[in-house]
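Dumping the structure here so I can ask a few things about it.
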Amino acid sequence: MKTLAELKAIRDKMRGQVGLREEDTNVTRVVVGMATCGIAAGARPVLNTLSELVLSKNLNNVMVTQTGCIGLCQYEPIVEVIEPGKEKVTYVHMDAEKAKEVFEKHLVGGTVVAEYTIK
């Protein structure tokens, strides 16, 4: 069991991390739909691929997160890229290979892969 001081230290550390995420408007957010429909359609390998690529390339300005239902089940797996000061880009029918391409072309290169976006 942790002491009260240890628990307070953990709480303060986590508050600091959450505060950084909320305040940092210079971070590109990559959001993968991980509701039941997304998981059933294959979202987990997409999430894992994007997370691994961001970590391996040490992209400190990109945060990969997951969310529940995005509301477009017929287009799952869905990945949304939200860049500061730009319009959100929604990629649909994703798989691990498409995720690699989106990572290289969009997240690293800055070019939207239009053929994978919602029309």
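Got a sec? Charge dipole of the chain, +1 on Cβ for Lys and Arg, -1 for Asp and Glu; which of Ala40, Gly110, Val27 is way out at the positive end?
Val27
Thinking of region 51-99 as a set of Cα atoms, what percent of all their pairs are more than 12 Å apart?
70
Here is a further query. I want the local charge near Gly42. Using Cβ-Cβ distances under 15 Å, sum +1 for each Lys or Arg and -1 for each Asp or Glu among the other residues.
Once positives and negatives cancel, what remains is 0.
Unpartnered cysteines of the chain (Cβ-Cβ under 4.7 Å counts as a partner)?
If one checks each Cβ against the other cysteines of the chain, Cys69 turn up with nothing under 4.7 Å.
Then there's this: Using the alpha-carbon atoms, what tilt in degrees (0 to 90, nearest 10) does helix 43-56 show relative to the longest principal axis of the chain?
Taking Cα atoms only, the helix is inclined about 70 degrees.
On a straight-distance basis, which lysines could pair with Lys98 in a cross-link, Cα separation under 24 angstrom, same-chain partners fewer than 8 positions away excluded?
Lys57, Lys86, Lys88, Lys119
Tell me the Rg and the Dmax, in Å, that the Cα atoms of region 30-119 produce.
Here Rg and the maximum Cα pair distance are 11.8, 33 Å.
Provide the packing ranking of 89-96, 77-84, 49-56, i.e. peptides ordered by the mean count of other C-beta atoms within 10 Å per residue, highest first.
77-84, 89-96, 49-56
Is any residue of region 28-49 close enough, with backbone N under 14 Å, to a label point placed 7 angstrom from the Cα of Leu72 along the Cα-Cβ axis, and if so, which?
The answer is 31-34, 38, whose backbone nitrogens lie closer than 14 Å to the label point.
Residues with amide H under 5 Å of Thr28's amide H, sequence separation 5 or more or different chain, H placed in the peptide plane at 1.01 Å from N; which?
Distant-sequence amide H within range of Thr28: Val62, Met63.
I need the peptides 103-109, 68-74 ranked by packing, meaning the mean over residues of other C-beta atoms within 10 angstrom, with the highest value on top.
Most protected by this proxy first, the peptides run 103-109, 68-74.
The numbers here are math on the coordinates, done by the rules we state, and not lab data. Because the structure is predicted, anything quoted here is derived from the model rather than measured. Every residue, glycine among them, receives a Cβ derived from its backbone with ideal geometry; neighbour counts consider all protein chains shown.
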